[in-house]
Amino acid sequence: MSHFTTNTILVIEKTLTKDIVNIVDEVMRENNFTLAYGYSRFYFEDTDPESDFDDSKTVEAETLEDALKILTEFKGNPTGGSYEYEMHWGYDEDKQELGYLTSVDFRSFDNKNIEAVIFYVRENVFEKAYEKELKKVFAEINKRIKVIAATQTTDYYQADYHEIDIIEEIFSGNIPAKYEYKFTE
């Protein structure tokens with residue numbers, strides 16, 4: 001099974017964590033995603049990377065109620081972090097659960113606002129997930145917040161691809177054509 005991910009990066013206008021998390025959460029829930037819990041973790045970025053004190057943390061959500069409380073706390077973290085959503089498609093003939101996890105990473109470059117949102121989905125389910133839900137999710141987010149640029153690629157650990165480098169290129173006005181993403185519904 002593949003451990004590669006297909007990454008969709010949305011570079012957005014500077015937005016408070018609370019506002020962009022609310023938008024993403026609303027769109028994900030409208031498209032039948034649920035906040036992951038039980039085996040899932042919330043990662044909070046360090047709120048002051050320039051200081052000697054690192055207050056980054058990882059918090060496990062045992063129940064949906066825990067996940068919702070942690071999400072509320074997450075919205076107050078100006079430097080973002082990441083958490084997951086789950087899509088449940090049902091069960092196969094062997095009663096194995098079908099679906100996937102989407103990790104959503106909120107990135108800040110000024111330690112005050114979120115400037116990029118990255119969606120990570122395992123490469124082996126991405127195409128089906130994209131056609132079923134994700135295309136609509138990305139288009140809807142684009143309608144609700146100003147997306148400066150978007151890119152999408154499968155990360156095969158190639159030397160010329162790193163999410164942060166791509167985001168910095170976009171900030172400098174260069175959208176790498178080979179990664180450019182066009183919104184469709």
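The values are calculated or read from the model by the stated rules, or taken from the named source; none is laboratory data. All values derive from a computational prediction rather than experimental measurement. Virtual Cβ from ideal backbone geometry, glycine too; neighbours counted across all protein chains shown. The accessibility values were calculated without ligands, DNA or RNA, using every heavy atom of the protein model including side chains. Shrake-Rupley method; radii C 1.70, N 1.55, O 1.52, S 1.80 Å.
Out of all the residues in the range 63-98, which are touching a residue at least 24 places away in the same chain (Cβ under 8 Å) and on the phi > 0 side of the Ramachandran plot?
Matches in the range 63-98: Gly80, Gly81.
Name the residues in the range 110-132 that are of a type in the set (D, E, K, R), closer than 16 Å to Thr5 by Cβ and more than 14 Å from the chain's Cα centre (by Cα), would you?
Glu123, Glu127, Lys128
Restricting to the range 23-46, count the residues that are surrounded by fewer than 16 Cβ atoms within 10 Å (Cβ to Cβ), assigned to a loop (DSSP other than H, G, I, E, B) and polar (S, T, N, Q).
2
Answer yes if at least one residue in the range 59-80 is of a type in the set (Phe, Trp, Tyr), within 17 Å of the chain's Cα centre (by Cα) and not in a helix (DSSP H, G or I), and no otherwise. Spell out the reasoning first.
Filtering the range 59-80 for residues of a type in the set (Phe, Trp, Tyr) gives 74.
Filter once more, so that each one left must be within 17 Å of the chain's Cα centre (by Cα): 74.
In the following step, the residues that additionally are not in a helix (DSSP H, G or I) were identified as none.
No, because not a single residue in the range 59-80 is of a type in the set (Phe, Trp, Tyr), within 17 Å of the chain's Cα centre (by Cα) and not in a helix (DSSP H, G or I).
Quick check: is even one residue across the range 121-135 out of contact with any helix residue (DSSP H, G or I) (no Cβ under 8 Å at 6 or more places or on another chain), part of a strand (DSSP E or B) and at pLDDT 90 or above?
The answer is no, given that none of the residues of the range 121-135 is out of contact with any helix residue (DSSP H, G or I) (no Cβ under 8 Å at 6 or more places or on another chain), part of a strand (DSSP E or B) and at pLDDT 90 or above.
Taking the stated definitions as given, is Val11 surrounded by fewer than 19 Cβ atoms within 10 Å (Cβ to Cβ), of a type in the set (A, V, I, L, M) and part of a strand (DSSP E or B)?
Here the answer is no, as Val11 does not meet what is asked.
Which of the numbered conditions does Thr154 fail, given that it passes all the others? Conditions: (1) closer than 23 Å to Val21 by Cα; (2) touching a Ser or Thr at 6+ places or on another chain (Cβ under 7 Å).
(1) is the only condition that Thr154 fails.
Count, please, the residues in the range 100-112 that happen to be open to solvent by 30 Å² or more (accessible area, probe 1.4 Å) and either at pLDDT below 90 or not in a strand (DSSP E or B) (or both).
4
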